[in-house]
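Encoded as structure tokens, the structure appears first; notes follow it.
The values are calculated or read from the model by the stated rules, or taken from the named source; none is laboratory data. In this text the structure is predicted, and so the values were computed from the model without any measurement. Backbone-built Cβ (ideal geometry, glycine too); neighbour counts: all protein chains shown.
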Amino acid sequence: MNRPIGVFDSGIGGLTVLKELVTRLPFEDFIYYADSKNAPYGPKSVAEIIELSEKIVRFLISEDCKLIVIACNTATAAAVNVIRKNFDIPVVGLEPAVKPACLNTKTGNIGVLATEGTFRGNHFKTTSEKYKDYVTIHLQVAKGLVESAELGIFDGYEAEALVSQYVEPLLSNNIDQLVLGCTHYPYFYDIIKKTVGSSVDVIDSAGPVARRTKDVLMTGRIFRTENNCRKISVYSSGDQNVIKKVVDKLFNLDENNQLVELKFI
Ligand code: DGL
């Protein structure tokens, strides 16, 4: 089916998921919406996040999308059930990769970095409950990292100080798995990896979401098997310079005959 896949996030974070989707689904067209004007979603109320998410879903449907990927843990936690109920379109949500971390831990301690909105959600609570007899899950809200990423600041003294402020307490709890439960955090992967060292695995949800999306496309028979010049459209409600910089870095425009275009609304 030659219709695009719609992907959205509160801002540029979901581009880390889009990158994985683009790699794993080489014939699909994509429309990405970064709601940077309204980021961060983390501290907002459930009602506000539902309202913003529904507005974006309406926009993506008006652009003829065949499936929606919510590339945002916070928006999934608040709005995925309502969106599934109110819109007649397949929806793939995203949640912190707690399951693989629990299955891989040897120390019995894992750390999760996410927003308050994600920790508040039922998905997170239900998944964590399943492992609570065997694994201690240490939670940490990483306030400030989303804001830093939205300003295009991914390294330097302040970013390093934020990372160490949030990661050191988790390390003191003997974690050997660190879950990046927000799609903005992979931008800080190098700093995070340097802080945790080689004995801690740092994992995010981009791979599992891309695999799940492929599965939904195939079982729903809406998977695309050829495309000579695929199109990736990136819309943003926020700062043009930051998203341009990130898109240029993540997507090689000449690669695979791929056309990447940026639009601001
Ligand atoms: N990228 C986000 C997530 O995965 C949203 C963070 C925010 O806007 O607070 O949760």
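Quick notes on this one:
So that you can scan it fast, the table gives a plain yes or no per residue for (1) within 16 Å of the ligand (Cβ to nearest atom); (2) not in a loop (DSSP other than H, G, I, E, B):
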site: V7; (1), (2): yes, yes
site: T16; (1), (2): yes, yes
site: Y33; (1), (2): yes, yes
site: K37; (1), (2): yes, yes
site: L52; (1), (2): yes, yes
site: L60; (1), (2): no, yes
site: C65; (1), (2): no, no
site: V69; (1), (2): yes, yes
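- Lone unmet requirement of (1) surrounded by fewer than 16 Cβ atoms within 10 Å (Cβ to Cβ); (2) within 21 Å of G117 (Cβ to Cβ) for A75: (1)
- Selection count, segment 242-265, where residues are modelled with pLDDT of 85 or more and within 15 Å of T23 (Cα to Cα): 3
- Output for segment 181-234, where each listed residue is closer than 28 Å to T107 by Cβ and without any contact (Cβ under 8 Å) to a residue 12 or more places away in the chain: K193, K194, G197, S198
- Any hit, segment 131-153, residues being loosely packed, with under 13 Cβ neighbours inside 10 Å, touching a helix residue (DSSP H, G or I) at 6+ places or on another chain (Cβ under 9 Å), modelled with pLDDT of 95 or more and assigned to a helix (DSSP H, G or I): no
- Which numbered condition D190 misses (of (1) in contact with a strand residue (DSSP E or B) (Cβ under 9 Å, 6 or more places away or on another chain); (2) in a helix (DSSP H, G or I)): (1)
- The number of residues in segment 100-127 that are assigned to a helix (DSSP H, G or I) and either modelled with pLDDT of 95 or more or farther than 15 Å from V209 by Cβ (or both) comes to 14.
- Residues (within 16 Å of the ligand (Cβ to nearest atom) and either more than 19 Å from D35 (Cβ to Cβ) or out of contact with any Ser or Thr (no Cβ under 8 Å at 6 or more places or on another chain) (or both)) located in segment 144-158: G144, L145, E147, S148, A149, L151, G152, I153, F154
- Checking each residue in segment 193-234 for being of a type in the set (S, T, Y) and not in a helix (DSSP H, G or I) picks out S198, S199, S205, T225, S233.
- When E20, E28 are checked against the criterion of being surrounded by 15 or more Cβ atoms within 10 Å (Cβ to Cβ), away from the ligand (no atom under 16 Å from the Cβ) and either of a type outside the set (S, T, N, Q) or assigned to a strand (DSSP E or B) (or both), a single residue qualifies: E28.
- Remark: pairs (first residue in segment 8-30, within 17 Å of F188 (Cα to Cα) and in contact (Cβ under 8 Å) with a residue 40 or more places away in the chain; second residue assigned to a loop (DSSP other than H, G, I, E, B) and away from the ligand (no atom under 12 Å from the Cβ); Cβ separation under 8 Å; 6+ apart in sequence or on different chains) = K19/F251.
- Matching residues in segment 220-241 - criterion: being in contact with a helix residue (DSSP H, G or I) (Cβ under 7 Å, 6 or more places away or on another chain) and at pLDDT 90 or above: F223, I232, V234, S236, S237, G238
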